[in-house]
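Inspection log for the structure reproduced underneath, given as structure tokens.
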Amino acid sequence: MNKPAHRLIFSGKYSYASRRIRRTINRIKNYQRIGNPIVICNEEHRFIVAEQLRKINIKPEAILLEPVGKNTAPAITVACLKAIENNVDPCLLVLPADHIIEDINTFIKVIDKALDEVKRGKLITFGITPSKPETGFGYIESEKELDTNKLKGEKIVNFIEKPDLETAKKLVCDKRFAWNSGIFFFKAEVFLKEIIKYKANIYKLCKESLLNNTLDLDFQRIEAKSFSLCENISIDKAIMEKTNLGVVYPLKAGWNDIGSWQSMWEVSDKDKLGNSIIGKVITENVKNSYLRSENRLIVALGIEEIIVVETIDAVLIAKKDQIQFLKNIVKKLEIDKKPEANIHKTIYRPWGNYSSISEGKNWQVKKIIVEKGESLSLQLHNHRSEHWVVVGGMALVEIEGEKRLLNKNESVYIPLGSKHRLSNPGNSPLILIEVQSGDYFGEDDIIRFQDKYGR
């Protein structure tokens, strides 16, 4: 039986995005009018997304892979086109995956109320009741004052880009203004009619890219040639600022956009000095700061209002009021073609993940995690040999047709040019250290003979 609404979810940008995806779906999975989700994400996040959905027993209607990020308008257009393939005219609830909503009951109540207007052909968004003058969010201006007690939508007058502090102070005192949540609700056909009206070329290119998609396991790869020609534009600028169908519903449900480390500090548990501390951190005379270590020890002395994030990829140090400029650094990394802009130390695969630990001219060390019951392809390398040391779990190793079990603290050598395969037959994750020796370590030095994932 087709249900009147689907969930459309975008993966977040940071490492915590995987957890946000699961929480986003859990937030509304018990809402009876909601069907299976359509998920849009990039190549890098595909296995994270699939694993998070599997863990909560959710089978998506589709996982669509964007070949390149083109902002929300093209992404939503593709999702709408996908949604109408099997439904007459479904309603779509568009949810970014990097939000926190604490009051789920209120959130569901507002969605349910808005559904009536969605069925009447309105394009609904949700305006967050401002709690302070915020310069990091966009604002929505409504025709009349917004009242969270009435659960009533108001006609949208205008969208305002992230304002300066003085403007934000004025907006927060006016009940006609609300923070732009980035959450939308509409009938697929209504959205498509509006995108044709205002951005016909986006519709044309998205339709072509979806028509020419290719299947890859449980994923649908959107055809790159057409999609890459789409204008890079948000749904706000493409449609919502132009349409006369826009309605904003006020929402006061403990919302926070976890799109920055400042937001992470705001929603995190804090000590008596206002510090949010995660991982290996030692502090002395530190106040109102966010300190996160994923690997190495952080020692902080005599600082206030500071964000420090240590990952295997990089270290971020910033004043909280400057974190909004992090996007400028990312742009610089991309312009300078620095690998840190796009390549991460931990790479996810359908069988698990691997992380680069250290490397030199003719050697490389990786940590490999293989989930229970999973296996790598039967493969060989022409440019490197490998030495595997099991540090956790159990490994089934196949080398040139011979199989052997390895337990913790046992190792095996794979000569250059040998057909080999690694599997996890145990009931817990297999963890091993791989030492590679050779003259080339690229992922294209893999010749596959058998692969359960169809690569």
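The values are calculated or read from the model by the stated rules, or taken from the named source; none is laboratory data. Note that the structure is a prediction, hence the values are computed from the model and not measured. Every residue, glycine as well, gets a Cβ built from its backbone with ideal geometry; the counts of neighbours run over all protein chains shown.
For region 107-132, which residues satisfy the criterion of being hydroxyl-bearing (S, T, Y) and surrounded by fewer than 19 Cβ atoms within 10 Å (Cβ to Cβ)? Correct list: T129, S131. Taking the conditions (1) exposed (fewer than 15 other Cβ atoms within 10 Å of the Cβ); (2) at pLDDT below 95 in turn, L405 satisfies each one other than (2).
All but one of (1) more than 30 Å from K169 (Cα to Cα); (2) surrounded by 18 or more Cβ atoms within 10 Å (Cβ to Cβ) hold for V88; state the number of the condition that does not hold. That leaves (2) as the condition not met. Out of the residues in region 196-215 that are among the β-branched types (V, I, T) and either surrounded by fewer than 22 Cβ atoms within 10 Å (Cβ to Cβ) or outside any helix (DSSP H, G or I) (or both), state the one that is modelled with the lowest pLDDT. Here the residue is T214. Among the residues of region 53-108, those that are more than 14 Å from L192 (Cα to Cα), among the charged types (D, E, K, R) and touching a residue at least 12 places away in the same chain (Cβ under 8 Å) comprise K55, K59, E61, E66, K70, D98, E102, D103.
Out of region 252-295, which residues are of a type in the set (D, E, K, R), farther than 23 Å from I128 by Cβ and at pLDDT below 90?
Filtering region 252-295 down to residues of a type in the set (D, E, K, R) leaves 252, 257, 266, 269-272, 280, 284, 287, 292, 294.
Those left that are additionally farther than 23 Å from I128 by Cβ: 271-272, 280, 284, 287, 292, 294.
The one that is of a type in the set (D, E, K, R), farther than 23 Å from I128 by Cβ and at pLDDT below 90: E294.
Give I239, I277 a once-over and let me know the one that is outside any strand (DSSP E or B), touching a strand residue (DSSP E or B) at 6+ places or on another chain (Cβ under 9 Å) and among the β-branched types (V, I, T). Working first, answer last.
Details: I277 fails: outside any strand (DSSP E or B).
Of the residues listed, the single one that is outside any strand (DSSP E or B), touching a strand residue (DSSP E or B) at 6+ places or on another chain (Cβ under 9 Å) and among the β-branched types (V, I, T) is I239.
Of the strands (runs of 3 or more DSSP E) lying entirely inside region 375-455, those containing at least 2 residues that are over 19 Å from R349 (Cα atoms) are 384-392, 395-399, 402-406, 411-414, 430-438.
Can you tell me which of K361, K319, K327, K338 is exposed (fewer than 15 other Cβ atoms within 10 Å of the Cβ), at pLDDT 80 or above and not assigned by TED's automatic domain parsing to the domain that holds W388? Break it down stepwise before answering.
Values: K361 fails: not assigned by TED's automatic domain parsing to the domain that holds W388; K327 fails: at pLDDT 80 or above; K338 fails: at pLDDT 80 or above.
Exactly one of K361, K319, K327, K338 is exposed (fewer than 15 other Cβ atoms within 10 Å of the Cβ), at pLDDT 80 or above and not assigned by TED's automatic domain parsing to the domain that holds W388, namely K319.
If the condition is being on the phi > 0 side of the Ramachandran plot and touching a strand residue (DSSP E or B) at 6+ places or on another chain (Cβ under 7 Å), then region 135-185 contributes only G182. The lone criterion from (1) at pLDDT 90 or above; (2) closer than 28 Å to L151 by Cα left unmet by Q32 is number (1).
All conditions but one from (1) among the aromatic types (F, W, Y); (2) surrounded by fewer than 17 Cβ atoms within 10 Å (Cβ to Cβ); (3) within 23 Å of F219 (Cβ to Cβ) apply to Y413; the one that does not is (3).
All of F449, F441 fail the test of being surrounded by 16 or more Cβ atoms within 10 Å (Cβ to Cβ), over 24 Å from R54 (Cβ atoms) and either among the polar types (S, T, N, Q) or in contact (Cβ under 8 Å) with a residue 60 or more places away in the chain (or both), apart from F441. Considering every residue within region 163-175, establish whether at least one is within 21 Å of F107 (Cβ to Cβ), surrounded by 22 or more Cβ atoms within 10 Å (Cβ to Cβ) and either under 30 Å from the mean Cα position of the chain (by Cα) or modelled with pLDDT of 85 or more (or both). No; the residues of region 163-175 include none that is within 21 Å of F107 (Cβ to Cβ), surrounded by 22 or more Cβ atoms within 10 Å (Cβ to Cβ) and either under 30 Å from the mean Cα position of the chain (by Cα) or modelled with pLDDT of 85 or more (or both).
Go over the candidates K155, K225, K170 one by one and state the one that is touching a residue at least 60 places away in the same chain (Cβ under 8 Å) and basic (K, R).
Values: K225 fails: touching a residue at least 60 places away in the same chain (Cβ under 8 Å); K170 fails: touching a residue at least 60 places away in the same chain (Cβ under 8 Å).
Of K155, K225, K170, the one residue that is touching a residue at least 60 places away in the same chain (Cβ under 8 Å) and basic (K, R) is K155.
Here is the figure for region 33-82: residues that are under 18 Å from L205 (Cβ atoms), buried (at least 16 other Cβ atoms within 10 Å of the Cβ) and of a type in the set (G, A, S) total 3.
In this structure, does E51 turn out to be modelled with pLDDT under 80, more than 21 Å from I239 (Cα to Cα) and of a type in the set (D, E, K, R)? Here the answer is yes, as E51 does meet what is asked.
Checked against the criterion of being surrounded by fewer than 20 Cβ atoms within 10 Å (Cβ to Cβ), among the hydrophobic types (A, V, I, L, M, F, W, C) and in a strand (DSSP E or B), the candidates F186, F159 yield just one match: F159.
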